[in-house]
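Some notes on the structure that comes next.
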Amino acid sequence: MGRLEGKVAVITGGNSGIGECTAELFAREGAKVVISARRVEQLEAVAEKIKAAGGEALAVPCDISDKEQCKEVARKAVEAFGTIDILVNNAGVVDNGIEPVEKVTDQTIDTLIDINAKGTLYMTREVSKILIEKKAGSIVNVSSVAGYTGGGGVAYVASKAAVIGMTKNIAMRCASDNVRCNALCPGSVVTPMTKDMKRENLDPNMMGAMAKHADLSLPVCMPEEVANAILFLASDEASAITGQIIVIDHGADL
């Protein structure tokens with residue numbers, strides 16, 4: 001306990017799944033947490049749960065694809081807690097149909113790129129200004145094994161591969177300012193978002209191609225497992241680690 005004592009953490013997608021688990025874990029470790037997401041009722045419920053357990057939390061509704069809303073999250077975090085020390089870019093959406101390149105729609109491309117890639121960059125741009133000025137901080141990006149191996153719908157893969165690229169770029173730029181940036185690439189994770197995926201809606205050709213390159217008999221990840229890895233990278237225990245891309249998948253994609 002106390003691994004993040006006195007730290008202020010902004011966690012996007014903090015209303016469920018990995019983001020909710022991360023927010024609760026960070027609060028137990030002493031951090032003041034600012035959680036953002038689009039679904040306001042769920043977001044506020046998570047904040048109240050953290051407060052009821054003795055933690056400090058602020059819920060700020062935000063669609064990260066809107067750059068002005070990202071600015072507002074950073075502003076309200078500083079207004080409430082004085083600074084920001086940690087950013088966890090967890091908010092994202094999946095391609096429920098796993099659309100291959102010849103079938104991907106404009107809507108899928110726009111939605112996934114706007115939220116997963118541009119949204120992550122918008123939020124990081126705002127928070128990084130604070131971290132660079134204070135010359136301290138940690139950014140943890142939640143990408144996906146899809147962005148690492150290419151297994152997934154083409155727009156989703158593109159959006160998550162973009163997160164991997166920006167992670168390396170930000171780490172390179174910010175190393176001299178003592179600001180670290182790393183990415184986690186979870187495999188399949190049991191969350192409310194992935195539970196909505198129906199097998200009959202998945203493209204069979206893309207699923208067949210993916211099955212040739214992964215061991216689907218191995219366990220899927222739980223949100224708590226990803227949250228534990230995020231905690232490590234956000235903490236001072238990982239003070240020498242930056243620019244790294246870590247896959248969390250029980251070995252399914254080795």
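The values are calculated or read from the model by the stated rules, or taken from the named source; none is laboratory data. Please read all numbers here as calculations on a predicted model, not as lab measurements. Every residue, glycine as well, gets a Cβ built from its backbone with ideal geometry; the counts of neighbours run over all protein chains shown. Heads up: the accessible areas ignore ligands, DNA and RNA and are worked out on the full protein's heavy atoms, side chains in. Shrake-Rupley method; radii C 1.70, N 1.55, O 1.52, S 1.80 Å.
Structure notes:
- The residue that is nearest to Met1 (Cα to Cα), counting only those in region 11-34 that are in contact with a Leu (Cβ under 6 Å, 6 or more places away or on another chain) and either surrounded by fewer than 24 Cβ atoms within 10 Å (Cβ to Cβ) or aliphatic (A, V, I, L, M) (or both), is Glu29.
- Restricting attention to region 1-57, the residues being under 27 Å from Ala136 (Cβ atoms) and in a loop (DSSP other than H, G, I, E, B) number 14.
- Residue within region 147-167 that is touching a residue at least 12 places away in the same chain (Cβ under 8 Å), surrounded by fewer than 23 Cβ atoms within 10 Å (Cβ to Cβ), more than 13 Å from Val10 (Cβ to Cβ) and charged (D, E, K, R) present: no
- Region 221-254, residues that are among the aliphatic types (A, V, I, L, M), in contact with a helix residue (DSSP H, G or I) (Cβ under 9 Å, 6 or more places away or on another chain) and open to solvent by 70 Å² or more (accessible area, probe 1.4 Å): Met222
- Residues (outside any strand (DSSP E or B), more than 13 Å from the chain's Cα centre (by Cα) and buried (at least 20 other Cβ atoms within 10 Å of the Cβ)) located in region 131-146: Leu131, Ala146
- Residue tally, condition part of a strand (DSSP E or B) and of a type in the set (Gly, Ala, Ser), over region 58-69: 1
- Qualifying residue in region 75-83 (condition: open to solvent by 10 Å² or more (accessible area, probe 1.4 Å) and either of a type in the set (Lys, Arg) or under 20 Å from Asn182 (Cβ atoms) (or both)): yes
- Every residue from region 85-123 that is of a type outside the set (Val, Ile, Thr), in a helix (DSSP H, G or I) and open to solvent by 20 Å² or more (accessible area, probe 1.4 Å): Asp106, Gln107, Asp110, Asp114, Lys118, Leu121, Tyr122
- Residue selected from region 172-210 under the condition closer than 21 Å to Ile64 by Cα and in a helix (DSSP H, G or I), by the criterion modelled with the highest pLDDT: Pro192
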